[in-house]
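*Asks:* I have a structure I would like to understand better, so I am pasting it below and will then ask my questions one at a time.
The values are calculated or read from the model by the stated rules, or taken from the named source; none is laboratory data. Just so it is clear, the structure is predicted and the values come from calculations on it, not from any experiment. Here the Cβ positions follow ideal geometry from the backbone for every residue, glycine too, while neighbour counts run over all protein chains shown. Side chains included, ligands, DNA and RNA excluded: accessible areas come from the protein's heavy atoms. Shrake-Rupley method; radii C 1.70, N 1.55, O 1.52, S 1.80 Å.
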Amino acid sequence: MEGFRLWPGALDAEAQSQLVQAVFGALGTAPLYRPQTPGGRPFSVQMSNLGPLGWVSDRGGYRYQPTHPVTGQAWPAIPQMLLDLWAATVGGKRAPDACLVNLYRDGAKMGLHQDRDEADLTAPVLSISLGDAAQFRIADGEGRTRTLRLTSGDVCALTGSARLARHGIDRVLEGSSRLIPGGGRLNLTLRIAR
DNA sequence: CAGTACCA
DNA sequence: TGCA
């Protein structure tokens, strides 16, 4: 599918553990929390953010905001490693200003959705998979979907015609990796929100 | 100004 | 984000 780009194993074991360490360190000041959909139902994933802007959802809808909805504090910085990874993969003039952190544990999943809360819907979205492998599903323009397995260290991007593709995580293969303290799958999504 | 990454 |  045009515009969906995958870099299998882009991150080696050392880079993966450095990244997990950096993100878990940042979660000390921006703790994971469980948001609600606008309809008031809880997400199964736990979320936090890094960077000037973070994606949040609550009864007020979806949006990007500069502060953590529970603590009121600014989100921690995006680690340089991730900015470098963005430059090395999707590149472009602008650096990402938002990094959504999603932790999948205990059967957490993510229904099919579009990323469309960004000001410029032509700027790429870059996703980094860490920890347990997962079944990722992405739809084409006709609504046909294809499933692929994302494993720890894989990096993928939604660009061009796939930028607005519906996608989601059907299931996580629990226990398939020992990378994440406490287990699970950690997904980092870099975006240009504004 | 309708719906939302939730749920079936 | 209040649903008028």
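*Asks:* Touching a Phe, Trp or Tyr at 6+ places or on another chain (Cβ under 8 Å) and modelled with pLDDT of 95 or more: does that describe A:Leu50?
*Replies:* Yes: the conditions hold for A:Leu50.
*Asks:* If we scan the range A:126-140, do we find a residue that is of a type in the set (Phe, Trp, Tyr), in contact with a Leu (Cβ under 7 Å, 6 or more places away or on another chain) and over 27 Å from A:Thr67 (Cβ atoms)?
*Replies:* The initial filter retains those residues of the range A:126-140 that are of a type in the set (Phe, Trp, Tyr), namely A:136.
Remaining after also requiring in contact with a Leu (Cβ under 7 Å, 6 or more places away or on another chain): A:136.
Next, only the ones that are over 27 Å from A:Thr67 (Cβ atoms) stay: A:136.
Taking every residue of the range A:126-140 in turn, at least one turns out to be of a type in the set (Phe, Trp, Tyr), in contact with a Leu (Cβ under 7 Å, 6 or more places away or on another chain) and over 27 Å from A:Thr67 (Cβ atoms).
*Asks:* Among residues belonging to the range A:44-88 that are hydroxyl-bearing (Ser, Thr, Tyr) and touching a residue at least 60 places away in the same chain (Cβ under 8 Å), point out the one that is surrounded by the fewest Cβ atoms within 10 Å (Cβ to Cβ).
*Replies:* Start the filter on the range A:44-88 by keeping residues that are hydroxyl-bearing (Ser, Thr, Tyr), which leaves A:44, A:48, A:57, A:62, A:64, A:67, A:71.
Applying the additional criterion that residues be touching a residue at least 60 places away in the same chain (Cβ under 8 Å) yields A:44, A:64.
Details: A:Ser44: 15, A:Tyr64: 20.
Result: A:Ser44.
*Asks:* If you go through the range A:2-43 one residue at a time, how many are open to solvent by 80 Å² or more (accessible area, probe 1.4 Å) and touching a residue at least 60 places away in the same chain (Cβ under 8 Å)?
*Replies:* Residues flagged as open to solvent by 80 Å² or more (accessible area, probe 1.4 Å) and touching a residue at least 60 places away in the same chain (Cβ under 8 Å) within the range A:2-43 amount to 5.
*Asks:* Condition test on A:Leu126, is it in contact (Cβ under 8 Å) with a residue 60 or more places away in the chain and touching a Ser or Thr at 6+ places or on another chain (Cβ under 8 Å)? Write out each step before concluding.
*Replies:* On the way: in contact (Cβ under 8 Å) with a residue 60 or more places away in the chain: yes; touching a Ser or Thr at 6+ places or on another chain (Cβ under 8 Å): yes.
Judged against the criteria, A:Leu126 is a match.
*Asks:* Would you check if A:Leu179 is under 24 Å from A:Ile78 (Cβ atoms) and either in contact (Cβ under 8 Å) with a residue 24 or more places away in the chain or surrounded by fewer than 18 Cβ atoms within 10 Å (Cβ to Cβ) (or both)? If you could, list the steps in order and put the result at the bottom.
*Replies:* Values: under 24 Å from A:Ile78 (Cβ atoms): yes; either in contact (Cβ under 8 Å) with a residue 24 or more places away in the chain or surrounded by fewer than 18 Cβ atoms within 10 Å (Cβ to Cβ) (or both): yes.
Yes; evaluated as a whole, the condition is true for this residue.
Residue by residue, here is whether (1) open to solvent by 50 Å² or more (accessible area, probe 1.4 Å); (2) at pLDDT 95 or above; (3) more than 17 Å from the chain's Cα centre (by Cα) holds:
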{"site": "A:Val101", "(1), (2), (3)": "no, yes, no"}
{"site": "A:Leu121", "(1), (2), (3)": "yes, no, no"}
{"site": "A:Ser152", "(1), (2), (3)": "no, yes, no"}
{"site": "A:Glu174", "(1), (2), (3)": "yes, yes, yes"}
{"site": "A:Asn187", "(1), (2), (3)": "no, yes, no"}
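*Asks:* Oh, and also: Quick test of your reading of the structure: A:Gln114 fulfils all but one of (1) under 15 Å from the mean Cα position of the chain (by Cα); (2) under 22 Å from A:Glu2 (Cβ atoms); (3) at pLDDT 95 or above. Name the failing condition by number.
*Replies:* All conditions are met except number (3).
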